[in-house]
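What follows is a single structure, written as structure tokens, with notes after it.
The values are calculated or read from the model by the stated rules, or taken from the named source; none is laboratory data. Computed from a prediction, not measured in an experiment: that's the story for all the values here. All Cβ positions, even for glycine, are placed from backbone atoms using ideal geometry, and neighbour counts span all protein chains on display. What goes into the accessible areas is simple: the full protein's heavy atoms, side chains included, and nothing from ligands, DNA or RNA. Shrake-Rupley method; radii C 1.70, N 1.55, O 1.52, S 1.80 Å.
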Amino acid sequence: MELLRTDPGFREEVRRLILTEDLLALPSKVDQLVEAVRELAEIQRQQAEQIRALADAQKRTEERLEALAEAQKRTEERVEALAEAQKRTEERVEALVEAQKRTEEQIGALAETQQRHAEQIQTLIHQVSTLIAAQARMEEALQWLINWQRGEMGRREGERYERHVIRRAPVLFNGGEGGSPSEPSIQRRLTELLPPEHRERLFHDEEGDPFLADLVWWKDEQVAVVEISLQVDGYDVIRANQRAATLRQAGVQAIGMVIGREWANPDAYDAAIRHQVEWLIGTEMSEGFRRFRGR
């Protein structure tokens, strides 16, 4: 006992002999167990904290889920509202499609009517054009007839005036003799005055042919070659001058003259002065015409 109390080596040897290895190792295992229990407690504490954290997280998750459920509910309500609005929209679209279909049918009917109207209008335009063309032809024919009638009346009046002047020639010229070249006696006298070579030149010169004058009048050795017209124009003046010139070329004392009621225009009077053609217009006469009367 004393050795057990005083000798640690002896005590340790006795313990080793009395106690088994397992018993000897038990304190160490107990320590390990205690340490393990402490570690377990720590783990348990950590797990408890984690569980509390998980519980808090779960609570927050549930709250979020409740919020999501509420949001989902509102979303579903909105979706239902949208579905209802979509349904109403589809119904409106269907109504619009139907109305569009009816509109297209009406437009088609209007187009057909318009086409018929266009064809009718085209037909009317063609008929009106035909009538206008016919009217234009009638107006042209009427105008031609009016112009012809006026020309014929003017020609007849001119012929009457020409015959009137020829019958009054002895008075107008205060004596003398002559007449229209259409009279055989006048043709013979002109033929005697014009040699054959002069007459040959007249074959292609109607403007200078005294046989085509309206009146040829003799007083002594002078001959008046006269053009007669209601309205004396420059063409009458030129013919009178050229036909008198033909006789002058044959050695005849010929004078070109014009007789009428009035001048056609101022240029005709100027032409008479320029070509030295004498004239009796209305009651007025040129100085040369006056001298011819006084012979």
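A crude spin-label estimate for the pair Leu82 and Asp220, with each label 7 Å from Cα along the Cβ direction, gives 13.2 nm. The radius of gyration of the Cα set in region 112-259, together with its Dmax, comes out at 26.3, 94 angstrom. The calculated FRET efficiency for Thr61 paired with Glu104, based on their beta-carbon distance and R0 = 51 Å, is about 0.30.
I'd like the Kirkwood hydrodynamic radius of region 191-256, using the inverse of the mean 1/r over distinct C-alpha pairs, in Å. Hydrodynamic radius (Kirkwood, Cα pairs) of region 191-256 is 11.9 Å. For region 231-283, carbon and sulfur atoms together expose 45% of the accessible surface, with a 1.4 angstrom probe and every protein chain in place. Quick one: work out the % antiparallel among DSSP beta bridges in the chain, nearest 5. Percentage antiparallel, nearest 5: 45.
If you wrap the tightest convex hull around every Cα atom of region 241-295 and split its volume per residue, you get 76 Å³.
Taking only the C-alpha atoms of region 149-211, Rg followed by Dmax gives 14.8, 42 Å. The calculated FRET efficiency for Gln114 paired with Thr75, based on their beta-carbon distance and R0 = 51 Å, is about 0.40.
Apolar share of the accessible surface for region 74-218: 55 percent from carbon plus sulfur atoms, 1.4 Å probe.
The length gained by stretching the chain between Phe10 and His126 to full extension, at 0.36 nm per residue less their Cα-Cα distance, is 26.6 nm. Residue-wise HN-Hα couplings along region 105-116, as the Karplus relation 6.51 cos²θ - 1.76 cosθ + 1.60 with θ = phi - 60° gives them from phi, are 5, 5, 5, x, 5, 5, 5, 4, 5, 4, 4, 4 Hz; Gly and Pro carry x. Shown are Met1, Met257, Met285, whose ranking by accessible area with a 1.4 Å probe and every protein chain present, most to least, is Met1, Met285, Met257. Largest to smallest in accessible area, the residues His126, His275, His164, His198 fall in the order His126, His164, His275, His198 (1.4 Å probe, all protein chains included). Which FRET efficiency value, to the nearest 0.05, do you get for Arg274 and Met138 by plugging their Cβ-Cβ distance into 1/(1 + (r/R0)^6) with R0 = 35 Å? For Arg274 and Met138, the calculated efficiency is 0.20. If you take every DSSP beta bridge fully contained in region 194-271, what fraction is antiparallel? Give it as a percent rounded to 5. Of the beta bridges lying entirely in region 194-271, close to 35 percent run antiparallel. Of [x] 138; [y] 104; [z] 559, which one was derived for volume of the Cα convex hull per residue in Å³ from the structure shown? From the options [x] 138; [y] 104; [z] 559, the structure gives [z]. Ligands, DNA and RNA aside, Ile132 has an accessible area near 100 Å² when probed at 1.4 Å.
Counting every pair of alpha carbons in region 56-182, the share spaced more than 22 Å apart comes to 77 percent.
Residues considered: Arg167, Arg64, Arg11. Largest GNM mean-square fluctuation over the chain, using C-alpha springs under 10 Å, is found at Arg11.
Per-residue accessible area (protein heavy atoms, 1.4 Å probe) orders Thr246, Thr130 as Thr130, Thr246, starting from the largest. Note that the chain presents 72 Å² accessible area per residue, ligands and nucleic acids not counted, probe 1.4 Å.
The stretch between Arg155 and Ser182, if pulled fully straight at 0.36 nm per residue, gains 8.0 nm over its current Cα-Cα span.
Each label was represented as a point 7 Å from its Cα along the Cα-to-Cβ direction; for Arg291 and Glu49 these points are 16.1 nm apart. Pairwise inverse Cα distances across region 1-133, averaged and inverted, put the Kirkwood hydrodynamic radius at 26.5 Å.
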